[in-house]
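Have a look at this one before I ask anything.
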Amino acid sequence: MTRVQTQYQLWLEDPAIDAGTKEELQSIGEDEKEIEDRFYKDLEFGTGGLRGVIGAGTNRINLYTVGRASQGLAQYVRGTGAIAPSIVIAYDSRHMSPEFALEAALVFAGNGVKAYVFEALRPTPQLSFAVRYLGATAGVVITASHNPPEYNGYKVYGADGGQLVPEFAEQVIAHVQSVDTFAKVKKLTQVEAESQGLLQWLGEEIDNKYIEVVSAVSQNPEVIREISDDFRIVFTPLHGTGNMPVREVLKAVGFGQVRVVAEQELPDSQFSTVKSPNPEEKDAFNLAIAQAKAWNADIIIGTDPDADRMGAVVKDAAGEYFVLTGNQSGAIIVNYLLSSLKERGALPANGVVIKTIVTSEMGAVIANHYGVPTLNTLTGFKYIGEKMSQFEQSGDHTFLFGYEESYGYLAGDYARDKDAVIAAMLICEAAAYYKKQGKTLYDVLQELYASFGYFLEKLESRTLKGKDGVEQIGRIMEAWRTNPPSEIQGVSVTEVEDYEQGIQGLPRENVLKFKLADGSWFCLRPSGTEPKIKFYFAVQGSTASEASQQLNGIIQYVLSRVDG
């Protein structure tokens, strides 16, 4: 028998697996392709944990794969030497999120590890904060971020509140792999866990502390108070966890005119009003834009289901609503934050901004203008969090801001993951600050382009599902690695950075970055959380039309080769 057939049969025969799951597997008994996709591998840790389609099988997320992962994590945590090991658990609005959270808690309790579980859905960044605040050994968030509704996930955090970097993720994976039968998963009942003090529910106290530390990062509260009555914000949580914390933080710093998109306010596991619950997608803002037009709002903000990504929409020169890219929002916040600190004489001499290798250089150029260096990390906020913790220990730098092009931002040191709540506060505060000067954020963006150069970026991707897709992505990367282009549109490729070789002191990762003589670059990167390969493009021109022409030429060359 093949591995697929063996695993399928084991699940059907395992006494630890419930009858409902076995019925689901029996119903696909004639579909060999479906059985192969469910069992050809174990669901793997990607950027920070598990993520997959909900369903029965080793390559799916379900109570059993969650239980197995939790058993492995519990073993890892007990091996850290912590005197009273504990793990904080948060979850979002997705299908099975509460069930997976409770399953993880009861497995931790079964291994003598205390589980702190939020009593209802909470944002991912609040989990990061809670791990640090409670002095926990680790953390788990049940979420699949902005993936389609059929997905869920299991993100693992270390004692510093950051997602696990490869060194520690590999140790957890080794423990998970040692759990070779579900019979090895130890578990208490909820009554047993609560009565033994191994399951504690978290609520208002942590909420209030989180709102307090986020709002403390506000730069110009007096400006907000002055302009509050005339500054209008439309907010959509896209059916996720951002609804209450974003509203509470905006209220705490003085914003009085905030309207939530009613159709997208409440949790909805199907995200039924959008194609994708992702603030990177313009269509996700359709309802918010309609409401903003009717109310003449100054800014629109949106957060993804677990509220770690924030997107913003502002008025352009013609008064139309313009969706900012993650790079544009990042550059605006960098400029606002550093200029505000400098104006108050609060800019530290050893300040630092951290971004990822696929994020625009515009923010770095702006930071340099204020005398602040920028460090690059691999893609994934866990690497930014890792640098923050290193600087906290060494004192070499004072962290000011971290961000990535995929709409993730963090200021302040209360957490170690991207936070849509603080990003929403800062972008709204920046918009209010500049409105007082008679400018929109679109005006500010044009001023930044005029001062620092016209930076233009774009992300393209190809979704390739299943085992065949994984193999195809591998072939694409190998083709570009072994046969790189020497020039594109007459511009020479001056450098190829192969991060699989472990360059610039960064961990090894399957990423290729091609740099051109005119300062343009593009990058190929298989996603760690979705069945797709991503293509990042960036150029810098003296005008918008010049940059656009450069960008389109590179995109056309790369994608025609990939699709060919």
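Run the numbers for Glu192 and Leu10: contour at 0.36 nm per residue of separation, minus the present Cα-Cα distance, in nm.
Contour length minus the Cα-Cα distance gives 62.5 nm.
Now, a different point. Can you tell me what share of the DSSP beta bridges in the chain is antiparallel? A percent to the nearest 5 is fine.
About 60 percent, rounded to the nearest 5.
Per residue, what volume in Å³ does the Cα convex hull of segment 307-354 take up?
109
Right, another one. Once the Cα atoms of helix 124-134 and of the chain are each reduced to a long axis, what angle between those two axes, in degrees from 0 to 90 to the nearest 10, is obtained?
70
For segment 479-501 and segment 173-188, what is the separation of their Cα centres, given in Å?
44
Continuing with this model, one more query. Send over a whole-number figure in Å² for the accessible area per residue of the chain, probe 1.4 Å.
Computed with neighbouring chains in place, this is 39 Å² per residue.
Averaged across orientations, what area in nm² does the convex hull of the alpha carbons in segment 41-200 project?
8.3
Sticking with this structure for a sec: On full extension of the chain, what length is gained from Glu222 through Glu343, given 0.36 nm per residue of separation minus the C-alpha to C-alpha distance?
42.1 nm
Report Rg (one decimal) and Dmax (nearest whole number) for segment 190-253, counting Cα atoms only, units Å.
Cα radius of gyration and Dmax of segment 190-253 are 17.1, 54 Å respectively.
Hey, another quick one. Are any of the pairs Lys382/Lys534; Lys275/Lys532; Lys41/Lys532; Lys355/Lys515; Lys282/Lys382; Lys155/Lys282 more than 21 Å apart by Cα-Cα distance, and if so, which?
Lys282/Lys382; Lys155/Lys282
Counting only protein heavy atoms, what percent of the accessible surface of segment 41-200 is carbon or sulfur at a 1.4 Å probe?
Heavy-atom surface of segment 41-200 belonging to carbon and sulfur, 1.4 Å probe: 53 percent.
While we're looking at this one, here's another question. Run the simple label-point estimate for Thr2 and Gln437 please: 7 Å along Cα→C-beta, distance reported in nm.
6.2
On to the next question. Pop out the ³J(HN,Hα) list for segment 157-171 in order, Karplus 6.51 cos²θ - 1.76 cosθ + 1.60 with θ = phi - 60°, rounded to Hz; leave Gly and Pro as x.
Using θ = phi - 60°, the values come out as 10, x, 5, 7, x, x, 4, 5, 7, x, 3, 8, 4, 5, 5 Hz.
Given H placed on each backbone N at 1.01 Å, which residues far from Leu464 in sequence or on other chains put an amide H within less than 5 Å of it?
Counting only residues 5 or more places away or on other chains, the set is Lys532, Ile533.
Tell me, what % of the accessible area of segment 520-561 is carbon and sulfur with a 1.4 angstrom probe?
The nonpolar share, carbon plus sulfur, comes to 46 percent.
With everything on Cα atoms, drop me the angle between helix 243-252 and the longest principal axis of the chain, reported from 0 to 90° to the nearest 10.
Roughly 40 degrees between the two axes.
Debye calculation, C-alpha points only, no solvent: report log10 I(q)/I(0) for segment 339-463 at q = 0.19 Å⁻¹, in the same order as the q values.
Each listed q maps to, in turn, -1.24.
Below 15 angstrom from the Cβ of Gly110, what's the summed charge of the other residues (Lys, Arg +1; Asp, Glu -1)?
+3
Ok, one more. Of the DSSP beta bridges with both residues in segment 41-200, give the percent that are antiparallel, rounding to the nearest 5.
45
How far is helix 466-482 tilted, in degrees, relative to the longest principal axis of the Cα atoms in the chain, given as a value from 0 to 90 rounded to the nearest 10?
Tilt relative to the chain: about 50 degrees.
Can you list which of the GluC sites (Glu not before Pro) found in segment 1-95 are DSSP loop residues with at most 11 other C-beta atoms within 10 Å?
Those satisfying the criteria are Glu30.
Could you tell me the distance between the Cα centroids of segment 1-78 and segment 426-467, to the nearest Å?
Between the Cα centre of segment 1-78 and that of segment 426-467, the gap is 42 Å.
When only DSSP loop residues count, what trypsin sites (Lys or Arg not before Pro) in segment 306-389 have their Cβ near at most 16 other Cβ atoms within 10 Å?
Loop-located and lightly packed - Arg344.
Report P(r) for the chain: all Cα-Cα distances, bin width 10 Å, range 0 to the bin holding the largest distance, values in whole percent.
3, 17, 28, 27, 17, 6, 1, 0
Work through the residues other than Trp201 whose Cβ is under 10 Å from its Cβ and net out their charges, Lys, Arg +1 and Asp, Glu -1.
With Lys, Arg at +1 and Asp, Glu at -1, the net is -2.
Going Cα to Cα from Lys114, which aspartates and glutamates come in below 13 Å? Please leave out same-chain ones fewer than 8 positions away.
Those aspartates and glutamates meeting the cut-off are Glu192, Glu194.
Could you list the GluC sites (Glu not before Pro) in segment 95-190 that lie in coil according to DSSP, counting only those with at most 12 other Cβ atoms within 10 Å of their Cβ?
Those satisfying the criteria are Glu119.
Based on the Cα atoms of segment 210-448, what semi-axes does the equivalent ellipsoid have, where each is the square root of 5 times one gyration tensor eigenvalue, given in whole Å with the largest first?
27, 20, 17
How would you rank 256-265, 503-512, 274-283, highest first, on the average number of other Cβ atoms within 10 Å across their residues?
Ranking, from highest mean packing down: 274-283, 256-265, 503-512.
The values are calculated or read from the model by the stated rules, or taken from the named source; none is laboratory data. Computed from a prediction, not measured in an experiment: that's the story for all the values here. Neighbour counts are summed over all protein chains in view; Cβ atoms, including those assigned to glycine, are modelled from backbone coordinates with ideal geometry. With ligands, DNA and RNA removed, areas are computed over all heavy atoms of the protein, side chains included. Shrake-Rupley method; radii C 1.70, N 1.55, O 1.52, S 1.80 Å.
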